[in-house]
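Report on one structure; see the data block that follows.
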Amino acid sequence: MSLAAIAFFVFASAAIASALMVVVSKNPVHSVLFLITAFISVAGLFVLMGAEYLAMLLVVVYVGAVAVLFLFVVMMLDVDFVELKQGFLQYMPVASVLATIVVVELIFVVAVWSLPSNVELAHPSPTAAETVTDPNGPTNIEALGLILYTDYIHYFQIAGIILLIAMIGAIILTFRTRDGVRKQDPAAQVARKREDGVELVDIKSGQGLS
């Protein structure tokens, strides 16, 4: 067995076990920690598949932002999970139907993935298992950068400006003016002279400073 196969089984087993513990764990903090472990394991699988950009995106966005945000929200909010679990059985029929639909969709995905190439389809195209990257061409990140900063540079810049405006708007909306808060005035500090802060007092001998 090759090293890549061993790594695949390790990451896949860790991802499945972590996903199960996310659902099984009674402590919500433990569930979020297992969710982070599942994200990291799936990122390892992406690296083995040659999709290093997706792996980096999964770690930076989901582990570094979303999962940590969930963890802080769960730890900071005083949520009564016992009350939330009440009435769980009345949603069981709907949940069973949704779970059945998801399982059927996964079965179709696996069937299409493992479909032999000699089977004729209405619109023949290579299966996902047959689609591989060009080993002699650029990597995924290089190819994405070439397309993003050439053909879609204007859309990329517009998206950045929109996000910047949204960030400034969020700061302005949440900014509150409070009375009694001492603030610095950089202009007054720079323009401050020696006479404004130093006072020379001539104290005679034997007299104190009142």
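The values are calculated or read from the model by the stated rules, or taken from the named source; none is laboratory data. As the structure is a computational prediction, the values presented were derived from the model and not from experiment. For neighbour counting, all protein chains shown are included, and Cβ atoms are generated from backbone atoms with ideal geometry for every residue, glycine included. All accessible areas refer to the heavy atoms of the entire protein, side chains included, with ligands and DNA or RNA removed. Shrake-Rupley method; radii C 1.70, N 1.55, O 1.52, S 1.80 Å.
For the reader, a short list of remarks on this structure follows.
- Residues of the range 169-191 satisfying the condition of being loosely packed, with under 10 Cβ neighbours inside 10 Å and within 25 Å of the chain's Cα centre (by Cα): Ile171, Ile172, Leu173, Thr174
- Considering the conditions (1) open to solvent by less than 40 Å² (accessible area, probe 1.4 Å); (2) of a type outside the set (Phe, Trp, Tyr); (3) more than 20 Å from Met75 (Cα to Cα); (4) part of a helix (DSSP H, G or I), Ser31 is excluded by exactly one of them, (3).
- Test: residue in the range 140-154 that is open to solvent by less than 90 Å² (accessible area, probe 1.4 Å), under 30 Å from Val47 (Cα atoms) and in contact with a Gly (Cβ under 9 Å, 6 or more places away or on another chain): yes
- Odd one out for Ser125, checked against (1) at pLDDT 85 or above; (2) in a loop (DSSP other than H, G, I, E, B): (1)
- Boolean, Val60 is part of a helix (DSSP H, G or I), modelled with pLDDT under 85 and open to solvent by 90 Å² or more (accessible area, probe 1.4 Å): yes
- Every condition in (1) under 21 Å from the mean Cα position of the chain (by Cα); (2) at pLDDT below 85; (3) closer than 18 Å to Leu71 by Cβ is met by Ser25 except one, and the failing one is (1).
- From the options Val79, Val109, Val103, residue that is at pLDDT 70 or above, within 30 Å of Ser25 (Cα to Cα) and either of a type outside the set (D, E, K, R) or exposed (fewer than 11 other Cβ atoms within 10 Å of the Cβ) (or both): Val103
- From the list Val10, Val66, Val24, the lone residue that is more than 19 Å from Leu144 (Cβ to Cβ), open to solvent by less than 50 Å² (accessible area, probe 1.4 Å) and either in contact (Cβ under 8 Å) with a residue 40 or more places away in the chain or of a type in the set (A, V, I, L, M, F, W, C) (or both) is Val66.
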